[in-house]
Every structure is written in structure tokens, then in C-alpha cells.
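Notes for the one structure printed next.
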Amino acid sequence: MAKNTESHQEETRVFKPSKEIAREAEVKSFAEYKKLHAKSLKNPEKFWAREASNLVWSKKWKKVLNWKLPYAEWFVGGQLNASENCLDRHLDGPRRNKAAIIWEGEPGDKMTLTYQQLHREVCVFANILKRNGVKKGDRVLIYMPLIPEAVIAMLGCARIGAVHTVVFGGFSSDSIKDRLADSGAKIVVTADAGYRRGQIVTIKQNVDHALAGSTEVKRVIVAKRTDIEVNIQEDRDVWWHQEAQYVSADCPAVPVDSEHPLFILYTSGSTGKPKGILHTTGGYMVGTAATSRYIFDFKENDIYWCTADVGWITGHSYLVYGPLANGTTCMLYEGAPNWPEPDRFWKIIAEQRVTILYTAPTAIRAFMKWGDDWPKKHDLSSLRLLGSVGEPINPEAWMWYHKMIGAGRCPIMDTWWQTETGAILISPLPGATPLKPGTATLPFFGVDAAIVDDKGKELPHGESGKLVIRKPWPSMLRTIYGDKARYIKTYWSEVKGCYFTGDGARRDKDGYFWIVGRIDDVLNVAGHRLGTAEVESAIVGHDSAAEAAVVGRPDEIKGQGVVAFVVLKEGHAASKELAEKIRSHVAKAIGPIAKPDEIRFAEALPKTRSGKIMRRLLKQIAAGVQITGDTTTLEDLSVLTRLSKNGE
């Protein structure tokens with residue numbers, strides 16, 4: 001039996017919600033949260049039924065939940081439409097003229113769409129889909145830059161009951177080809193190109209490469225973003241703006257069964273074959289709408305900015321479906337955070353008076369590296385709430401975010417969830433939860449999260465183990481598309497009767513959840529199992545370090561040695577002395593066992609375009625072996641070359 005991952009991180013700083021925030025919040029005290037959470041666990045179906053009643057249903061459900069492990073059906077017999085819940089429901093009152101989307105392109109072009117205007121564009125596009133042969137249940141692949149048309153395409157699919165599968169616009173043609181083959185999509189929606197770091201990035205060209213020699217795709221609908229010339233293949237490719245001339249703006253939303261598929265979203269699997277995570281309409285909409293409302297505590301005048309791309313689950317749940325279902329104004333930005341200067345985000349916040357910022361620890365650490373002078377140039381006083389998503393945020397980055405961006409007054413919603421969970425499962429609530437830097441704190445209502453050993457026995461507070469969810473929740477994945485066996489093996493075979501998240505975690509004395517990292521990102525050093533996230537967090541706790549990635553390499557004596565790749569903040573230079581100081585800092589923060597055997601300074605770390613560090617590649621570099629495996633999702637291939645040379 002595997003020994004549980006050890007965790008040594010302690011955090012004594014606590015930030016209580018301000019009276020002003022608590023007064024206006026959905027949940028106004030910690031006592032109220034605890035009481036509501038206990039009630040929601042006692043009777044989850046009652047809680048979720050109440051949340052479901054906040055949506056518009058064409059036909060009410062007959063039963064809240066059918067649960068035959070590992071398959072859930074929520075709001076059985078109910079019918080609704082996701083597009084109607086994001087748009088039509090807001091058109092009878094003052095929200096019809098409220099901004100739904102404020103968009104800024106990287107070159108500086110801007111567009112605002114009110115709820116009424118967005119509704120019209122979605123209806124037009126839904127009719128374009130119908131004109132091009134798309135029917136309820138058909139799969140539509142969307143491959144676009146972050147432009148309003150990407151959101152319009154998603155909502156247009158939902159409006160007629162088509163199933164969208166969005167592929168991140170930074171992925172390669174091979175990624176498109178794999179997802180087309182797996183999903184059976186016959187229609188692709190794309191754009192001619194997009195902008196990234198001042199360059200025009202061709203998008204349509206990748207679609208052409210993916211479709212070379214393939215006859216399965218019958219139609220490619222192309223949005224015009226730039227003036228570049230692109231190949232338009234006769235009888236297959238059509239321009240979006242030209243098709244719009246042939247259809248009306250009248251397209252009633254089609255009611256679909258609560259369990260009708262809304263989308264398939266592919267997430268990388270350990271085997272290299274992407275997993276098509278299937279989410280259905282009713283439960284997903286209930287989960288995203290409820291979590292959005294409680295956690296981001298939307299007010300009518302909020303301008304909310306989730307910086308994720310629609311190609312990721314965060315973009316689906318908290319850029320599109322959750323906020324729009326709540327009638328919120330959503331900010332969209334197409335380009336890089338450091339173009340043309342490293343203050344682009346702060347400039348947008350100041351100009352648009354953004355009130356809520358939801359971004360990733362990777363981005364926060366990059367901002368730290370670029371220095372405090374950039375945010376200091378801008379008035380960020382409009383911000384009232386901050387969020388973090390994508391991975392555990394280390395306490396040092398949390399504190400910088402809190403002080404430098406939030407001026408010490410904005411609560412940080414550190415959220416834990418996954419593509420598979422569909423919605424946030426562990427998070428603070430802004431008016432209720434005392435915050436500690438580095439922890440996602442406590443489970444959301446109706447979520448029964450636990451930390452267990454290999455046999456499924458719940459562990460006492462302070463001990464690390466496997467993070468599992470013991471009760472079904474509405475926004476959970478229904479299966480892996482076309483692969484039920486893999487669905488059962490991946491998520492339901494590790495711990496009997498529980499959904500296994502793949503993450504290691506522990507609970508502190510207050511019951512707060514600390515995510516240690518992926519179970520497969522564990523170092524086995526002289527019989528001690530250490531989570532990489534914790535060692536990385538300790539490194540970034542040193543004044544000089546902006547970012548770190550820790551991997552193991554084979555060691556004859558200890559089993560594994562610890563190699564740390566460290567990116568320094570501006571103004572700090574790599575040296576043997578500094579490496580030694582960082583090693584000592586880790587020993588002091590965690591213990592001598594976690595002290596890195598080697599520190600390798602790097603200009604940058606190999607990351608996907610979503611900001612995830614590709615540790616698999618770093619392990620190969622640390623071990624001194626040839627780099628193998630897929631590198632198509634890497635943002636910058638030259639990073640690998642430089643890192644490999646550094647090790648020579």
C-alpha cells in the first residue's frame with residue numbers, strides 16, 4: 001500500500017471578511033455558511049432543487065436525482081435551454097440594454113454587446129448553423145481566438161441543441177484532427193486568424209491542415225477577424241458574415257432534456273489520448289449559475305473579468321454560462337497580458353473599471369516577476385473581489401495578489417475544481433469565510449469532500465491523503481465520450497463509492513483543504529512522499545524566486561533526488577550562492593528532506609498556452625534523457641532548448 005503524501009506547510013495568517021462585504025454578501029457570516037452547508041449535506045437534493053428553481057425551465061423535473069454509481073441523472077424529466085437561460089430571460093427588464101460582453105482585441109479594438117444585441121447575434125448564428133445542416137445532437141467543433149464570435153458560437157449551438165466541443169485556439173492541427181475523430185463533428189467553426197503578442201496568428205490554416213485528406217467535415221464556417229488572405233475551399237468553407245445575410249434574427253430556443261449533452265471538452269490524459277469530458281445541460285447550468293452567484297457575489301453593476309480562454313473549462317463555466325445566467329457584464333480580452341507592455345491587464349482594469357478579476361496563479365507569478373511598478377501605474381480601486389483558478393496558489397503569490405492588486409481590501413476566492421467537476425467544489429465565500437493564503441478553504445454547498453487513505457478511510461485533520469467527493473453533484477461529468485470503461489477506471493475505481501479527483505490534499509486544524517498537488521506529481525525521497533506543489537511554494541517563498549517547478553530524478557540512494565527549475569524576479573542574478581540560499585530556505589520552510597539536490601535557474605518554464613507547466617518534459621531534462629512525447633501544446637518550444645543546454 002502506498003504511503004500517504006506528507007505535507008509540512010503551515011499558515012498562521014488569517015484574513016476575516018470585512019463588515020462592508022459581509023453586509024452585502026449572499027452569505028453573511030461563517031456561522032451561516034456552516035449551518036447552510038450542514039443542511040445541504042443532510043439533504044443535497046433539496047438544496048440543488050432550490051438552486052434549479054432560479055433557472056428558466058420549459059418543463060419542470062419529476063425527480064431531482066437518479067444515482068446509480070457511477071452514473072448520475074439530475075432534474076430527471078425536466079427541460080430547459082442553456083442559451084435561453086443566458087440571454088432571453090434577461091430581455092424583459094432593464095438588463096436588455098445592459099452590457100453582456102465588453103471585448104477588447106489585442107491591437108486595441110473594442111466592442112460592447114448588450115444582452116439584447118448578444119441575443120440577436122446568437123439567434124442569427126443558430127440559424128446559420130441550421131442553414132448549414134446542423135441538427136439537435138450534432139457535434140460542432142469550435143476553434144477560435146478569444147473574440148465575441150467564440151461565445152456567440154457556443155450559445156448558438158446550445159440554442160438549437162447542438163453539442164459544442166471547443167478546441168483552444170493555440171492548439172495544433174493534430175489536436176483538431178484528434179478531437180474531430182473522437183467527437184464525430186461534421187462542422188467546424190473557426191476564424192481567419194487572431195492576434196498574439198503583436199503577431200497575427202493564423203487559425204484557419206491549422207483547420208485546413210487538420211482536414212487534409214479528410215472528408216468527414218462537411219462545412220467550415222469562418223469568422224473574419226483580420227485582413228489576411230485565407231484559403232476558402234469551394235463547397236466546404238463559408239464566411240460567417242456572408243451566411244448571416246441569408247438568415248433571420250428569429251430563432252426560438254429549443255427545449256432539451258436536462259440530461260441532453262451541452263458540450264464535450266477534451267482534457268489531456270496520462271496515456272496521451274485526450275479524454276472527451278461530457279457535460280449535460282440541466283445539472284451543469286444549475287451548478288455554474290449557483291457557484292457564480294455565491295462565490296463571486298455578483299452585483300448588478302459589476303464588470304467581471306475571467307481571464308481564461310473559452311477553450312478551457314474555466315472559460316466555459318465562468319466566462320460564459322455561469323456569469324451570463326446571472327445577467328452579469330463579462331470582460332473579454334483577446335491577447336497576451338504583457339502586450340505591448342507588462343501592464344496590459346492593469347490598464348484594462350483601470351479603463352473599464354473592472355470590479356472582479358478571476359485569473360490563474362501562473363499569471364499572478366508572471367506579474368510578480370515583471371515587478372510592482374507596472375500595477376502601481378494604474379488605478380485599480382474599482383476592484384472589489386479577486387479570484388484564483390487552475391492550480392494551488394502559493395502563499396507568497398496570494399499575499400502579493402492581496403496587497404498589490406487588491407490593496408489589502410479585496411477578498412481572494414481561491415477556487416478548486418476541474419474540467420470533470422464542471423463547477424467550483426471548494427472555495428471561500430466572500431462575506432463568510434476567513435481566508436488563509438494558499439488554501440481553497442472549504443467545500444461549496446452540497447459538496448461532500450473528504451481526504452481518505454488507500455482503503456477509502458477518512459483521515460484525521462493534519463494527515464495527507466487522496467481528495468475524493470462522496471456524493472454526486474449536478475455539474476459532474478457524465479462520462480468520457482465514447483469510452484465508458486475509461487470513465488469508470490479513471491474516476492471510480494481508485495476509492496470505492498467515491499469520485500477520485502487525482503489530487504492529494506490534507507485538512508488543517510480548522511478543516512480547511514490544502515491541495516498538495518496531483519497524486520502522480522509526488523516525489524519519493526528516502527521513503528518520504530512529498531507533494532511537488534508544496535516544495536514549489538516554499539521556493540517561491542524566497543524573495544528572489546518568481547516561479548518554480550520541481551521534479552524528481554532517479555537517485556541510487558534516496559530513490560529520487562529533487563531538482564528545482566527556478567525563474568528569478570527582475571533584479572536578481574543566478575549564482576551558486578543564491579542557489580544555496582534557496583535550498584536552505586526550503587529546508588527551513590518544510591524540512592531538510594525537501595531540500596533540492598539541484599537548483600537550475602531558467603529564463604522561463606515549459607508551459608502549455610493555458611499556463612500549465614509540462615513537468616513530464618522537465619523530468620526528462622532533469623534525468624538527462626532525450627525529450628520524447630507530444631510537445632504540440634507548448635507555448636514556446638525554444639524554452640526546452642535553452643533548458644536542455646543549461647543542463648549540459
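Filtered by the rule that a residue be of a type outside the set (A, V, I, L, M, F, W, C) and surrounded by 24 or more Cβ atoms within 10 Å (Cβ to Cβ), segment 310-327 gives Gly311, Thr314, Gly315, His316, Ser317, Tyr318, Tyr321, Gly322, Pro323. Of all the numbered requirements in (1) touching a strand residue (DSSP E or B) at 6+ places or on another chain (Cβ under 9 Å); (2) modelled with pLDDT of 95 or more, Lys218 misses one, and that requirement is (2).
Go through Pro392, Pro443, Pro428, Pro434 for me and flag whichever is closer than 17 Å to Asp508 by Cα, in the same structural domain as Phe30 (by TED's automatic domain parsing), touching a helix residue (DSSP H, G or I) at 6+ places or on another chain (Cβ under 9 Å) and surrounded by fewer than 20 Cβ atoms within 10 Å (Cβ to Cβ). Show your work before the answer.
Numbers: Pro392 fails: surrounded by fewer than 20 Cβ atoms within 10 Å (Cβ to Cβ); Pro443 fails: surrounded by fewer than 20 Cβ atoms within 10 Å (Cβ to Cβ); Pro428 fails: surrounded by fewer than 20 Cβ atoms within 10 Å (Cβ to Cβ).
So the residue among Pro392, Pro443, Pro428, Pro434 that is closer than 17 Å to Asp508 by Cα, in the same structural domain as Phe30 (by TED's automatic domain parsing), touching a helix residue (DSSP H, G or I) at 6+ places or on another chain (Cβ under 9 Å) and surrounded by fewer than 20 Cβ atoms within 10 Å (Cβ to Cβ) is Pro434.
Report those helices (runs of 4 or more DSSP H) wholly inside segment 83-198 carrying at least 2 residues which are small (Gly, Ala, Ser) and surrounded by fewer than 18 Cβ atoms within 10 Å (Cβ to Cβ).
Values: elements: 115-131, 148-160, 173-183.
Of the helices (runs of 4 or more DSSP H) lying wholly inside segment 83-198, those with at least 2 residues that are small (Gly, Ala, Ser) and surrounded by fewer than 18 Cβ atoms within 10 Å (Cβ to Cβ) span 173-183.
What are the residues in segment 142-179 that are at pLDDT below 95 and farther than 22 Å from Gly335 by Cα, if any? Even if it seems obvious, please write down each step before you answer.
Here is the first cut: in segment 142-179, the residues at pLDDT below 95 are 167-179.
Correct list: Asp174, Lys177, Asp178, Arg179.
Whether a residue is over 24 Å from Arg225 (Cα atoms) and touching an Asp or Glu at 6+ places or on another chain (Cβ under 6 Å) was assessed, and Ala363 does not pass this test.
Based on this model, can you work out whether Ala450 counts as of a type in the set (Gly, Ala, Ser) and within 28 Å of Phe47 (Cα to Cα)?
Yes, satisfied.
Within segment 442-475, the set of residues being touching a Ser or Thr at 6+ places or on another chain (Cβ under 6 Å), at pLDDT 95 or above and either among the basic types (Lys, Arg) or closer than 23 Å to Asp520 by Cα (or both) comprises Leu467 only. Checked against the criteria, Leu459 does not count as over 30 Å from Arg384 (Cβ atoms), surrounded by 24 or more Cβ atoms within 10 Å (Cβ to Cβ) and not aromatic (Phe, Trp, Tyr). The residues of segment 26-40 that are under 13 Å from Phe444 (Cα atoms) and among the hydroxyl-bearing types (Ser, Thr, Tyr), listed by number, are Tyr33, Ser40. Considering only segment 35-52, state which residues are surrounded by 14 or more Cβ atoms within 10 Å (Cβ to Cβ) and not hydrophobic (A, V, I, L, M, F, W, C). Of everything in segment 35-52, those that are surrounded by 14 or more Cβ atoms within 10 Å (Cβ to Cβ) and not hydrophobic (A, V, I, L, M, F, W, C) turn out to be His37, Lys39, Ser40, Pro44, Glu45, Glu51. Can you confirm whether segment 271-289 contains a residue that is surrounded by 15 or more Cβ atoms within 10 Å (Cβ to Cβ) and out of contact with any Ser or Thr (no Cβ under 9 Å at 6 or more places or on another chain)? Scanning segment 271-289, I find at least one residue that is surrounded by 15 or more Cβ atoms within 10 Å (Cβ to Cβ) and out of contact with any Ser or Thr (no Cβ under 9 Å at 6 or more places or on another chain), so the answer is yes.
Give the residue, chosen from Leu357, Leu380, Leu319, Leu386, that is of a type in the set (A, V, I, L, M), under 24 Å from Ala25 (Cα atoms), modelled with pLDDT of 95 or more and within 13 Å of the chain's Cα centre (by Cα). So that I can check it myself, show each step before the final result.
On the way: Leu357 fails: within 13 Å of the chain's Cα centre (by Cα); Leu380 fails: within 13 Å of the chain's Cα centre (by Cα); Leu386 fails: within 13 Å of the chain's Cα centre (by Cα).
From the options Leu357, Leu380, Leu319, Leu386, the qualifying one is Leu319.
Once segment 615-634 is narrowed to residues that are within 29 Å of the chain's Cα centre (by Cα) and at pLDDT 80 or above, the residue that is nearest to Ser175 (Cα to Cα) is Leu617.
Can we say Lys218 is in contact (Cβ under 8 Å) with a residue 60 or more places away in the chain, out of contact with any Ser or Thr (no Cβ under 6 Å at 6 or more places or on another chain) and closer than 16 Å to Leu180 by Cα? Against the criterion (in contact (Cβ under 8 Å) with a residue 60 or more places away in the chain, out of contact with any Ser or Thr (no Cβ under 6 Å at 6 or more places or on another chain) and closer than 16 Å to Leu180 by Cα), Lys218 qualifies. So, Ala546, is that one out of contact with any Ser or Thr (no Cβ under 6 Å at 6 or more places or on another chain), more than 17 Å from Gly517 (Cα to Cα) and surrounded by fewer than 19 Cβ atoms within 10 Å (Cβ to Cβ) or not? Against the criterion (out of contact with any Ser or Thr (no Cβ under 6 Å at 6 or more places or on another chain), more than 17 Å from Gly517 (Cα to Cα) and surrounded by fewer than 19 Cβ atoms within 10 Å (Cβ to Cβ)), Ala546 does not qualify.
Going through (1) surrounded by 17 or more Cβ atoms within 10 Å (Cβ to Cβ); (2) at pLDDT below 85; (3) of a type in the set (D, E, K, R) one by one, Lys645 falls short only on (1).
With respect to Lys612, is the statement that it is at pLDDT 80 or above and of a type in the set (Lys, Arg) true? No, not satisfied. Would you confirm whether any residue within segment 248-266 is touching a strand residue (DSSP E or B) at 6+ places or on another chain (Cβ under 8 Å), part of a loop (DSSP other than H, G, I, E, B) and free of Cβ contacts under 8 Å to residues at least 60 places away in the same chain? There is no residue in segment 248-266 that is touching a strand residue (DSSP E or B) at 6+ places or on another chain (Cβ under 8 Å), part of a loop (DSSP other than H, G, I, E, B) and free of Cβ contacts under 8 Å to residues at least 60 places away in the same chain.
Quick check: anything in segment 235-257 more than 16 Å from Val140 (Cβ to Cβ) and in contact with a Leu (Cβ under 7 Å, 6 or more places away or on another chain)? Within segment 235-257, one or more residues are more than 16 Å from Val140 (Cβ to Cβ) and in contact with a Leu (Cβ under 7 Å, 6 or more places away or on another chain). Residue check: is Thr190 out of contact with any His (no Cβ under 6 Å at 6 or more places or on another chain) and either at pLDDT 95 or above or among the acidic types (Asp, Glu) (or both)? The answer is yes for Thr190.
The values are calculated or read from the model by the stated rules, or taken from the named source; none is laboratory data. As the structure is a computational prediction, the values presented were derived from the model and not from experiment. So basically every Cβ, Gly included, is an ideal-geometry build from the backbone, and we count neighbours across all protein chains shown.
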